[in-house]
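Inspection log for the structure reproduced underneath, given as structure tokens.
The values are calculated or read from the model by the stated rules, or taken from the named source; none is laboratory data. The structure presented is a predicted model; accordingly, all values stated were derived computationally and were not measured. Heads up, the Cβs are rebuilt from the backbone with ideal geometry, glycines too, and the neighbour counts pull from every protein chain shown.
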């Protein structure tokens, strides 16, 4: 049975094998949630970049840009990190250069993996289905908050563990902890997370609507997968010639 | 109210302030459990060292030595990492140079803190009482396993959070997660940990008796505190002149 493991923050990624594995990067609030939302609403591809400077550079070359720092939209970019702004006509058919405090950096650090996909509650069942077809060892890389552990990304890892139970082996401490926490939280994620640091940080920024949206499960079917420098919607090999 | 925070592995310690804080280092299986046991049984002081070479060097200078790597006693040293060997007459009045896979290293990394103490289930209430009298911010540093998160040290952090509830503020994600996990596990720590990686590793080494011992709460009252290079039993200022 393939293995499911969880890396609680990008700061620990050097302790894990990436080659031969599929990495699921998760940044529930809100990078990977917005990526999933954008690609589901017609965005063509996303270039995840680590720094504001890279994003500015790409803006000069005509790309649509999104930049968030410390929970707020950075000045001078087209989009911030609210999933609702990724539903607008503006994004359709476009390529978006995107940088966020934690999420896009985590994607860049995961590039040595066989595949890198973006996971969120919004597409959790599709991610689970994708992983089941791949039949490779999986590492969930939680974006965390500035290098530290966070609860919402951990709960996603736990939700994924619940869905993959029976098909993946996950008797390692990080995955067990994530699965236990999700078991306790699943009936009301919002209530469970109400004391979490980042949720409180975002509540102070008055974006409770964003949080509630990002905690919904299976709103979209798209699985963003990294191909070269771009995150694009995954298309199964079996139908690739037909689309 | 002072803050209680948890650092899940020594690999993340650079993300946390140490100055002005009390650090509680925890390595339930088994470094801090054996330290507590030894000092409770008459061991005078412990020199925690990071490497086997340092420990060998101190052996040449006549110190009693303890060394563990990968769960096993290292060759050529007096003691391993079983708490039962720390109850013997051999340790009485002695100074012990000690190195373990994770625990002693975590202590060395925490030295910049105002105080460093060793915590274990064996002395958890005494550690909580000590922290309450200090009234400083607290960071629990979990020794983890080779840089990764582990369950048993996290459960200790959760137990401490439960005991300090009301007197410390702990609305940060790591402490909340630890407290949630402990709430689910507290009725039967052994059962809860039965799938944990390090417990399985130790069970394969046939030291279930050690694990059961280390999961007992409040067997001892001693709080090992780092004074210079030595871990010694904490003696309150108020009675220091009398002992």
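Considering each residue of the stretch B:58-81, count those that are in contact with a strand residue (DSSP E or B) (Cβ under 9 Å, 6 or more places away or on another chain), more than 22 Å from residue B:210 (Cα to Cα) and not in a loop (DSSP other than H, G, I, E, B), and give that number.
2
Please go through the stretch B:149-168 and pick out each residue that is facing another protein chain (nearest Cβ under 9 Å), under 15 Å from residue B:10 (Cβ atoms) and assigned to a helix (DSSP H, G or I).
B:154 - this is the single residue of the stretch B:149-168 that is facing another protein chain (nearest Cβ under 9 Å), under 15 Å from residue B:10 (Cβ atoms) and assigned to a helix (DSSP H, G or I).
Filter the stretch B:133-148 down to the residues that are away from chain A (no Cβ under 13 Å), more than 13 Å from residue B:120 (Cα to Cα) and part of a strand (DSSP E or B) and list them by number.
Residues satisfying the conditions are B:137, B:138.
Please state which of the following conditions residue A:149 fails to meet, knowing it meets all the rest: (1) closer than 22 Å to residue A:218 by Cα; (2) at pLDDT 95 or above.
(1)
Out of everything in the stretch B:104-132 that is touching a strand residue (DSSP E or B) at 6+ places or on another chain (Cβ under 7 Å) and assigned to a helix (DSSP H, G or I), what residue ends up being surrounded by the fewest Cβ atoms within 10 Å (Cβ to Cβ)?
Here the answer is B:108.
Quick grid of which residues meet (1) touching a helix residue (DSSP H, G or I) at 6+ places or on another chain (Cβ under 9 Å); (2) closer than 15 Å to residue A:50 by Cα:
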site	(1), (2)
A:71	yes, no
A:79	yes, no
A:89	no, no
A:104	yes, yes
A:110	yes, yes
A:122	yes, no
A:135	no, no
A:138	yes, no
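Please state which of the following conditions residue A:236 fails to meet, knowing it meets all the rest: (1) buried (at least 22 other Cβ atoms within 10 Å of the Cβ); (2) more than 18 Å from the chain's Cα centre (by Cα).
Exception for residue A:236: condition (1).
Do you know which residues across the stretch B:169-212 are free of Cβ contacts under 8 Å to residues at least 12 places away in the same chain and facing chain A (nearest Cβ under 8 Å)?
B:171, B:173, B:176, B:184, B:195, B:200
Table: residues versus (1) surrounded by 23 or more Cβ atoms within 10 Å (Cβ to Cβ); (2) within 17 Å of residue A:145 (Cβ to Cβ); (3) modelled with pLDDT of 95 or more.
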site: A:26; (1), (2), (3): yes, yes, yes
site: A:29; (1), (2), (3): yes, yes, no
site: A:33; (1), (2), (3): yes, yes, yes
site: A:40; (1), (2), (3): no, no, yes
site: A:44; (1), (2), (3): no, no, yes
site: A:59; (1), (2), (3): no, no, no
site: A:68; (1), (2), (3): yes, yes, no
site: A:71; (1), (2), (3): no, yes, no
site: A:76; (1), (2), (3): no, no, no
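Restricting attention to the stretch A:2-23, report how many residues are more than 14 Å from every other protein chain (Cβ to nearest Cβ), out of contact with any helix residue (DSSP H, G or I) (no Cβ under 6 Å at 6 or more places or on another chain) and at negative phi.
Of the residues in that region, 5 qualify.
Is it the case that some residue within the stretch A:41-53 is more than 22 Å from residue A:209 (Cα to Cα), in contact with a helix residue (DSSP H, G or I) (Cβ under 9 Å, 6 or more places away or on another chain) and without any contact (Cβ under 8 Å) to a residue 24 or more places away in the chain?
Within the stretch A:41-53 (the criterion being more than 22 Å from residue A:209 (Cα to Cα), in contact with a helix residue (DSSP H, G or I) (Cβ under 9 Å, 6 or more places away or on another chain) and without any contact (Cβ under 8 Å) to a residue 24 or more places away in the chain), the answer is no, since none of the residues qualifies.
Which residue out of B:161, B:196 is at negative phi, modelled with pLDDT of 95 or more, surrounded by 13 or more Cβ atoms within 10 Å (Cβ to Cβ) and over 15 Å from the mean Cα position of the chain (by Cα)?
B:161
Please indicate, with yes or no, whether at least one residue in the stretch A:82-100 is assigned to a loop (DSSP other than H, G, I, E, B), closer than 30 Å to residue A:178 by Cα and free of Cβ contacts under 8 Å to residues at least 60 places away in the same chain.
There is no residue in the stretch A:82-100 that is assigned to a loop (DSSP other than H, G, I, E, B), closer than 30 Å to residue A:178 by Cα and free of Cβ contacts under 8 Å to residues at least 60 places away in the same chain.
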